[in-house]
Amino acid sequence: MAQPASGKTVLYCDVCSLPSEYCEFSASRKKCEQWLAEAHPREHERLYGDQAIAQKMAMTTLSEDKEAKEAAKMEKAEQKNEARIARNQEKKMSSKVLIKRVERNKRKSVTSVYGLHVFGIDLKSTAKMLANHFACGGSVSKNPQGLDEIVVQGDFSHEILELLVAKFPAVPRENIEFAAEEKKKAQ
């Protein structure tokens, strides 16, 4: 009877989410190397130790000019990646969450919440959580601009604010705004 093949365990980097052997090709190579040195010193020695570097250098045929160009290219890619991360963080902190009460007819209203997707919050599960908490209907729908928003039946704007602040600390209280939209009466 044949022996079952044993699987190989692969170590994935916490910084770039690639296998540790491929971290040297990512834009955040230095951060990956620091993480590997702290978290898995044996694997770091195997990949970045003096013996591993000597083997890699023996296999390369790059001239010094090409090597310098490649190092500059990697440095530029690393700077671009850091700038992108900083831009995303700045965008997240400057974006607003809008809680809007929309009047449907005489006494009925719905509360829509827009802007949570910027903070990485799953809209579908949040809509379900709000619907369960307030014992009403809640769903994710498209707003007139074509973007997703959470719609909750009933006027729960202030309660939703308190719940969002309590459940999602990534959303700063200063970034949450209120708006009310009422239907115009036909004349």
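If I filter the range 112-122 for residues that are in a strand (DSSP E or B), among the hydrophobic types (A, V, I, L, M, F, W, C) and either touching a residue at least 12 places away in the same chain (Cβ under 8 Å) or surrounded by 13 or more Cβ atoms within 10 Å (Cβ to Cβ) (or both), do I get at least one hit?
There is at least one residue in the range 112-122 that is in a strand (DSSP E or B), among the hydrophobic types (A, V, I, L, M, F, W, C) and either touching a residue at least 12 places away in the same chain (Cβ under 8 Å) or surrounded by 13 or more Cβ atoms within 10 Å (Cβ to Cβ) (or both).
Somewhere in the range 51-71, is a residue modelled with pLDDT of 85 or more, open to solvent by 100 Å² or more (accessible area, probe 1.4 Å), of a type outside the set (A, V, I, L, M) and under 19 Å from SER20 (Cβ atoms)?
No, the range 51-71 contains no residue that is modelled with pLDDT of 85 or more, open to solvent by 100 Å² or more (accessible area, probe 1.4 Å), of a type outside the set (A, V, I, L, M) and under 19 Å from SER20 (Cβ atoms).
Here is a list of conditions, (1) more than 30 Å from ASP155 (Cβ to Cβ); (2) modelled with pLDDT of 80 or more; (3) open to solvent by 80 Å² or more (accessible area, probe 1.4 Å), and LYS108 meets all of them except one; can you say which number that is?
Just one mismatch for LYS108, condition (1).
Within the range 149-171, track down each residue that is in a loop (DSSP other than H, G, I, E, B) and free of Cβ contacts under 8 Å to residues at least 24 places away in the same chain.
Hit for the range 149-171 is PRO169, nothing else.
Enumerate the helices (runs of 4 or more DSSP H) found wholly within the range 13-71, keeping only those where 1 or more residues are over 25 Å from ASN81 (Cβ atoms).
Hits in the range 13-71: 41-48, 50-59.
Taking only the range 123-168 into account, find how many residues are open to solvent by 90 Å² or more (accessible area, probe 1.4 Å), farther than 25 Å from LYS106 by Cα and modelled with pLDDT under 85.
1
With the checklist (1) within 30 Å of VAL15 (Cβ to Cβ); (2) modelled with pLDDT of 90 or more; (3) surrounded by 15 or more Cβ atoms within 10 Å (Cβ to Cβ) in hand, flag the one item MET74 doesn't pass.
MET74 satisfies every listed condition except (2).
Could you tell me whether any residue of the range 130-141 is of a type outside the set (D, E, K, R), touching a residue at least 24 places away in the same chain (Cβ under 8 Å) and in contact with a Lys or Arg (Cβ under 7 Å, 6 or more places away or on another chain)?
Among the residues of the range 130-141, not one is of a type outside the set (D, E, K, R), touching a residue at least 24 places away in the same chain (Cβ under 8 Å) and in contact with a Lys or Arg (Cβ under 7 Å, 6 or more places away or on another chain), which makes the answer no.
Of the residues GLN34, GLN3, which single one is exposed (fewer than 12 other Cβ atoms within 10 Å of the Cβ), without any contact (Cβ under 8 Å) to a residue 12 or more places away in the chain and not small (Gly, Ala, Ser)?
Exactly one of GLN34, GLN3 is exposed (fewer than 12 other Cβ atoms within 10 Å of the Cβ), without any contact (Cβ under 8 Å) to a residue 12 or more places away in the chain and not small (Gly, Ala, Ser), namely GLN3.
The values are calculated or read from the model by the stated rules, or taken from the named source; none is laboratory data. It should be emphasised that the depicted structure is a prediction, and the values quoted were computed from it without experimental measurement. We place every Cβ from the backbone using ideal geometry, glycine too, and count neighbours over all the protein chains shown. SASA here: full protein model, heavy atoms, side chains in, ligands and nucleic acids out. Shrake-Rupley method; radii C 1.70, N 1.55, O 1.52, S 1.80 Å.
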